[in-house]
Every structure is written in C-alpha cells, then in structure tokens.
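Laboratory data are not the source of any read-out in this text; all were calculated from the coordinates shown. What you see is a predicted model; the values in this text were computed from it and never measured. Ideal geometry is used to build each Cβ from the backbone, glycine not excepted, and the neighbour counts take in all protein chains shown.
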Amino acid sequence: MSDTVVKKNPLSKYEYGFSYPDKSVFKTAIGLTEQTVREISAMKKEPAWMLEFRLKALKVFQSKPMPMWGADLSRINFDALNYYVRPTNEQGRTWDDVPSEIKDTYDKIGIPQAERAFLAGVGAQYDSEVVYHSVIEELTKQGVIFTDMDSGLRDYPDIVKRYFATIIPMTDNKFAALNSAVWSGGSFVYVPKGVHVKLPLQAYFRINARNMGQFERTLIIAEEGSSVNYVEGCTAPVYTTDSLHSAVVEIVCLAGSRVRYTTIQNWSKNVYNLVTKRARVFEEGVMEWIDGNLGSQITMKYPSVYLMGAKAHGEVLSVAVAGEGQHQDAGGKAIHLAPETTSIITSKSVSLDGGRTSYRGLLEVTPNAKGAKSTVRCDALILDPQSRSDTYPTMKIRQNDVTIGHEATVSRVGEEQLFYLMSRGLSEADALSMVVNGFIEPIVKELPFEYAVELNKLIKLEMTGSVG
Amino acid sequence: MEGAVEKKFEGGDTQVVVLESLPEQWTALVGRDTAVHIFLPLFGGDVAAAHNVTVRLLEPGASARVTGIFLGAGSENLKLSVDTIHEAPHTTGWTNVRAALSDHSQLDFSGMIKIHEGAQDSNDFLEQRSLLLSPDAKAVAIPALEIEANEVKASHAVAAGPIDPEHLFYLQTRGLSEVQARQLLIRGFVETLLRSFPAEAQTTMLEKLDTLTA
C-alpha cells in the first residue's frame with residue numbers, strides 16, 4: 001500500500017471513515033503515567049499552576065472508580081491509548097499553511113468551503129492540537145477572542161485562570177478528571193459586554209491516529225448582554241481498534257447574554273464518546289444546547305444548565321440515532337437555583353438495526369427557585385424488533401411554587417402513516433425516512449441550514465436498507 | 001407485613017386487590033387473559049419506608065392497573081417504586097399514583113415500564129402527579145422506560161406543582177373563600193382516583209383527606 005493512498009472501508013456507509021498515514025511530529029508513549037502528563041505540559045510550555053492542576057487531576061482520575069451506570073464501558077483499555085499526538089508544529093492562519101494531508105482531510109469534510117460561505121471563525125483540531133484557526137477581522141476589532149485553548153492559556157492567562165475548571169471541577173467525574181489531566185486543544189471563546197457575534201463560530205474535531213485519545217477542553221465566556229453561536233462537528237476514521245474522545249466544555253453565560261452551542265457528533269463507530277458539558281447561566285441569560293448524536297460506538301453525554309440567576313433560561317435539544325452496534329446514552333440536565341428560572345428539555349431518539357438509545361436526564365428545583373417552570377419531553381422511535389430504547393429521567397422538586405411537567409413516549413412508525421404516504425406514491429423507504437425526518441424536525445429546524453441538510457442526509461444514509 | 005410476598009393471578013377473570021399495608025416487596029404474577037386491579041392506599045413513616053410493587057405480565061392477554069394515593073402530612077416519608085414488566089406479547093399495563101404533600105412530607109417515587117424482546121403489541125402508561133401544598137414538601141420522581149420491542153406503545157407523564165392559582169381564582173370569583181376553594185381543589189385532585197377504589201378502601205383515605213383539608 002502506497003503512503004498516499006487514502007484508506008476507506010468500502011463496506012462502510014460512513015462517509016468520513018478514510019484515514020491518512022500518521023505523520024505526527026510527536027507522540028507520548030502508549031499509556032498514562034505521571035510522565036505522560038509532565039511531557040504534555042512541557043511540550044506546551046505551560047505555567048506551573050497548570051502542571052500542578054494536571055497532576056492533581058491524574059490522581060483524582062486514578063482514584064475514581066468507573067461509573068457503574070449507563071453504557072457498558074468495560075472494554076475501554078486505558079493502557080492501550082495514546083494520550084497526546086501532535087500532528088504538526090505550526091498552527092495555520094490560512095489553509096495554505098496547513099500540511100497538505102491534513103488540509104485534504106478537511107477539504108473532504110467540506111470545511112474550507114463552509115468557512116468561506118457562512119462562518120465568522122473556524123478552528124480545526126487534528127488529533128491533539130488545533131492545526132488551523134481564523135477569525136474574521138471585524139470580530140477581533142470588537143474584542144471577541146476565538147482561539148484554541150492552549151493559545152488562550154498563553155495569551156489570556158487572567159481570564160483563563162479565573163474561569164478554568166470552575167464550572168466543571170476535576171473531581172466532577174472520572175472522565176472530567178481524565179480530561180483535566182491530559183487536555184489538549186479545544187476552543188477558547190470570549191465575547192465582550194454587549195457584543196453580538198452574528199455568524200456562527202465553528203470548531204471541527206478530527207481524530208486521525210489509531211488508538212488515540214482526544215481530550216479537547218473548551219471554555220466559552222459570554223459577558224453581559226452579549227451573544228454567540230458556537231458550532232462543532234466531529235468525525236474520525238474507521239479503525240478496528242477503539243479510540244476515546246473525552247471532552248470538557250465549560251460555558252459561562254453572564255447576565256443577559258445568550259449562548260447557543262450546537263454539536264453534530266458523527267464519530268466513526270469505533271469511538272467511545274464520553275463528554276462533560278455544563279453551562280452556568282446568570283440573571284436573564286439564555287443558554288441553548290443543541291446536541292446531535294449520530295456516530296460513535298458509545299456516547300455518554302448530558303449537557304447541563306445550572307440556572308444561577310433570576311429569570312435565567314436553559315434549553316437542551318437532543319437528537320440521537322443509534323444503528324448497529326451503537327449505544328447513544330444522551331440527555332440533558334437542568335438545575336434551577338434561582339427564582340423564576342425556566343428550562344425546556346426536548347429529546348428525540350431513533351433506534352434501528354439493533355441499536356440502543358437511552359435518554360438520561362435530571363431536573364432539579366432547589367428551595368430557592370420560587371416560580372420555576374420546566375418541561376421535559378422525550379420521544380423515542382424504535383424501527384425494528386432488535387432495537388431498544390430506554391428513558392431514565394429523574395426529577396427532584398424541593399419547592400412548591402413551581403410548574404413541572406415531564407412526558408415520554410416510545411413508539412414505532414405508525415402503519416397508517418406509512419400507508420398514507422405510500423398511497424400518495426412514495427416508496428416504503430422514502431415514506432419511512434419522511435416520517436423519521438418529521439419526528440426529529442423540532443431539532444433540525446434549529447440548526448444552521450447547511451447542518452440541517454447534512455443531518456437529514458446522514459439519517460437517510462443510516463436508514464438505507466432498514467426496510468424490508 | 002414484612003419481607004417479600006408473591007401472588008399469582010390466573011383464570012382469565014378480573015381480580016381486585018387492596019393492599020392496606022404494603023410489604024417491602026410485593027409481586028404479582030399475571031397469567032393468560034387475566035386482569036388484576038391493584039389499589040394502594042399509601043402511608044409513610046418518619047423514617048422513609050421503602051416499598052416495591054412489581055407486576056409481571058407473564059402470558060398473552062395479561063393486564064394490570066395499579067392505582068395509588070398518598071396523602072402526606074407531618075414528617076411522613078414514603079419511598080415507593082412500581083415496576084411493570086411485560087414478558088409476553090399483547091399485555092397491558094396502567095399505573096397512576098397521586099400524592100398531595102403537606103407540611104414536611106416527602107414522596108420518592110420511581111416507576112419502571114419494561115417491555116421484553118418479543119413482547120410485541122404491548123401497551124403501557126404510567127402517570128405520577130404530586131400536589132405540593134407546603135414549601136417544605138418534597139417530591140422526587142424517577143420514571144423509566146426500558147423497551148426492547150418495536151410494535152408497542154409505552155409512555156409516562158410526571159408532574160409536580162402547587163395548586164394552580166388560576167383555578168383558585170376562578171372558584172373565588174364564584175363566591176368561595178380561598179380556604180374553601182383550596183379544599184375543593186385538593187379533594188378534586190385526590191378523589192378523581194379515590195373514587196375508583198373499592199368502597200371499604202375509600203374510608204380510611206377519606207378520613208385522612210378530611211383532616212388534611214380541615
């Protein structure tokens with residue numbers, strides 16, 4: 001096999017399953033020890049406090065047991081992973097600066113075109129490092145910072161030190177501790193008071209190396225009265241060995257600000273995707289998580305909103321599709337800590353070809369949250385007898401002046417629905433895909449247009465052959 | 001009653017059970033074409049008493065209805081879980097638990113609907129509503145669905161909240177005092193379910209309801 005041949009599994013329906021030969025310039029040894037953590041930190045020339053933070057987090061990671069709930073994680077072998085893979089020594093400011101194979105990867109995924117068409121800024125992470133970053137000039141003039149987390153730590157140490165790990169402490173859970181110990185890359189976004197970033201900022205995460213662990217760390221701070229829309233996408237090659245993606249995303253939504261965080265997760269089916277995402281929302285702030293989970297072998301991810309200030313609003317829109325061999329354990333959490341806070345959690349999941357979707361969520365109203373309102377709605381579709389769907393919502397209400405509602409349904413595609421569409425001339429496959437698209441419509445309509453088209457296309461691809 | 005109790009329901013007719021005192025674990029095994037109606041007049045304790053009711057629908061045509069009412073007062077504390085397990089096709093479940101919680105009372109409820117692989121054409125609905133009558137009352141609800149068949153219908157709904165101020169306002173515009181209006185609304189909330197209980201099982205609950213709304 002020649003060096004330049006792009007490997008693609010012809011049997012896979014997964015469009016992004018190709019890989020390029022690993023030409024990384026530096027890798028830590030396989031496995032995770034104190035030495036690994038020290039090497040990563042030294043490579044990044046980090047301040048002493050960050051190295052200390054990492055080493056402490058490593059101890060926390062080693063001391064915490066694996067979670068005993070949720071998806072089956074027993075097959076993760078922490079000793080077989082590569083925790084840091086540096087693909088190149090320079091970060092590009094234009095696509096011409098990016099090494100050609102890495103650039104080809106993003107070309108295939110369609111990133112440079114997307115950037116020209118409709119984005120205000122783009123960051124692209126390849127394995128452990130962000131290889132490309134650009135922001136339109138106008139935003140920089142307004143004081144908006146959009147850079148990778150490593151540069152953020154170097155160039156804006158005060159802001160980073162003030163907020164880093166305050167939303168998700170290293171002791172939060174085993175995988176947050178792991179991320180805290182070996183994090184690399186991710187985005188750092190700072191939007192000054194009153195600034196509205198009109199076009200979306202986009203980050204693109206790609207795993208290329210084999211047996212790789214990707215641990216990006218993202219921090220978004222929206223100052224008073226500002227707004228920003230952040231979009232991330234993820235893909236990886238199809239390998240026969242497993243990779244691990246364990247991110248930590250922290251968001252600070254200050255008074256009156258508005259943050260929307262959109263994820264289209266389309267990892268290949270050999271990736272364990274174990275992510276902690278949380279936002280703190282202050283007075284009259286609005287936080288929206290739009291979370292699409294299509295890929296990965298196992299996903300465990302529950303974006304959370306902590307409503308800290310009066311009248312803060314949080315929303316989680318989650319869509320999950322689980323096909324053969326996949327388990328999507330996704331959901332959302334809303335914790336009401338202040339008066340008149342409101343939240344809406346909407347989850348739509350589809351399982352087919354023996355896949356399993358689970359909704360897992362938490363709604364908590366503390367005594368302080370007088371007049372809180374919350375609605376949780378979970379709908380699941382099961383397309384065949386081999387597939388499975390679970391719903392595990394939890395509600396803790398410690399205040400009587402609240403309005404709380406939760407509803408969940410699990411059902412199949414109605415025969416009448418299919419029959420009606422087929423009587424109008426659609427084939428069974430088209431009718432089924434139309435019903436499924438209609439089912440997830442409430443979430444798709446919130447996506448930027450290009451993503452909505454992409455999501456519909458992916459679901460159609462996923463469903464090919466699932467009829468008859 | 002202590003410990004675990006298991007009871008078989010067979011023979012194809014409809015059977016009624018009132019569980020005045022609930023053991024820690026009570027299991028119903030329901031056979032072919034048999035329906036069982038289970039009524040739970042629920043009482044808590046100072047220390048959270050934990051009870052589990054499990055309904056196993058073992059053969060086609062089995063069905064079960066579970067109806068529970070908890071009127072929590074003082075520091076009454078109740079931990080209740082109701083699990084309905086569909087182990088055969090064409091089985092039907094229905095669970096409805098209502099709680100009116102005053103003072104420091106607390107309800108921890110969890111309710112599972114489980115539909116096994118192959119239990120096609122099964123149908124289940126679980127509902128749990130809590131009326132929070134005091135700022136110190138607490139309601140925890142953990143409903144869950146585990147569905148491994150596709151030709152089924154399974155859903156649950158959970159709600160918790162105070163008396164709707166608009167309902168209160170409406171009744172007051174019709175000439176009732178605030179206290180009378182509250183009493184009427186609490187009664188309405190509880191009696192909707194209570195009226196389905198066998199007559200003798202209603203008495204104790206109605207007495208408690210009287211003290212609650214006095």
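Miscellaneous remarks
- One decimal place: the segment A:Asp22-A:Glu224 gains 68.3 nm when fully extended, by the rule 0.36 nm per residue minus the C-alpha distance.
- Chain B: mean projected area of Cα convex hull, nm²: 12.1
- Sequence-distant lysines (8 or more away, or on other chains) whose Cα lies within less than 20 Å of A:Lys103: A:Lys7, A:Lys8, A:Lys23
- Exposure proxy ranking, count of Cβ atoms within 10 Å, fewest first, for A:Lys277, A:Lys141: A:Lys141, A:Lys277
- Listing B:Asp103, A:Asp155 from fewest to most neighbouring C-beta atoms within 10 Å gives A:Asp155, B:Asp103.
- Helix content alone sets the calculated 222 nm mean residue ellipticity of chain A: runs of n ≥ 4 DSSP H residues at -39500 (n - 2.57) each, divided across all residues, give -7000 deg cm²/dmol.
- Hydrodynamic analysis of segment A:163-229 uses the Kirkwood radius over alpha carbon pairs. Inserted into Stokes-Einstein at 4 °C and 1.567 mPa s, it gives a translational diffusion coefficient of 94 µm²/s.
- Footprinting exposure proxy ranking of A:Ser180, B:Ser177, A:Ser433, fewest other C-beta atoms within 10 angstrom first, gives B:Ser177, A:Ser433, A:Ser180.
- For segment A:334-421, a simple Cβ point-charge model (Lys and Arg +1, Asp and Glu -1, everything else neutral) yields a dipole of about 360 debye relative to the Cα centre.
- Segment A:69-138 and segment A:166-208 have Cα centres separated by 14 Å.
- Estimated [θ] at 222 nm from DSSP helical runs (n ≥ 4, -39500 (n - 2.57)) normalised by residues in chain B, nearest 500: -6000 deg cm²/dmol
- Using only alpha-carbon positions in segment A:311-432, the gyration tensor eigenvalues give semi-axes of 35, 16, 10 Å once each is multiplied by 5 and square-rooted (largest first).
- Å³ per residue enclosed by the Cα convex hull of segment A:205-284: 70
- A dipole drawn for the protein assembly as shown from +1 and -1 charges on Cβ atoms has a positive end, and of A:Gly371, B:Met112, A:Gln35 the residue lying farthest that way is A:Gln35.
- Computed label-point distance, nm, for sites A:Glu428 and A:Trp69 using a 7 Å Cα→Cβ extension: 4.0
- The P(r) of the protein assembly as shown has a tail past 51 Å containing 17 percent of all C-alpha pairs.
- Annotation note: GluC sites (Glu not before Pro) in segment B:1-108 located in DSSP loop regions with a Cβ neighbour count of at most 13 within 10 Å are B:Glu2, B:Glu20, B:Glu24.
- Radius of gyration, Dmax [segment A:118-175; alpha carbons; angstrom]: 13.8, 40
- Trypsin sites (Lys or Arg not before Pro) restricted to segment A:362-468 and DSSP loop, no more than 13 other C-beta within 10 Å: A:Arg424, A:Lys445
- Extreme residue, positive dipole direction of segment B:114-214, given options B:Ala199, B:Tyr170, B:Gln128 (C-beta unit charges): B:Tyr170
- With bins 5 Å wide beginning at 0, the percent of Cα pairs of segment A:381-453 falling in each bin runs 3, 12, 16, 15, 16, 15, 10, 6, 4, 2, 1.
- Computed about the Cα centre, the dipole magnitude for segment A:51-173 is approximately 560 debye when only Lys and Arg (+1) and Asp and Glu (-1) carry charge, each at its Cβ.
- q = 0.21, 0.24, 0.25 Å⁻¹, segment B:90-173: log10 I(q)/I(0) [Debye, one scatterer per Cα]: -0.90, -1.05, -1.10
- Other residues with beta-carbon under 14 Å from the beta-carbon of A:Glu34 carry, at +1 per Lys or Arg and -1 per Asp or Glu, a net charge of +2.
- Given +1 at the Cβ of Lys and Arg, -1 at the Cβ of Asp and Glu and no other charges, the dipole of the protein assembly as shown around its Cα centre is 1240 debye to the nearest 20.
- The relative contact order of chain B, computed from alpha carbon pairs under 8 Å that lie at least 6 residues apart in sequence, is 14 percent.
- Multiplying the residue separation of A:Phe449 and A:Lys198 by 0.36 nm and removing their Cα-Cα distance gives an extension gain of 88.9 nm.
- For segment B:65-103 and segment A:399-432, distance of Cα centres in Å: 28
- For segment A:112-250, the Kirkwood hydrodynamic radius from C-alpha pairs, put into Stokes-Einstein at 25 °C and a viscosity of 0.890 mPa s, yields a diffusion coefficient of 157 µm² per second.
- Alpha carbon centroid spacing (whole Å) that separates segment B:153-214 from segment A:276-305: 38
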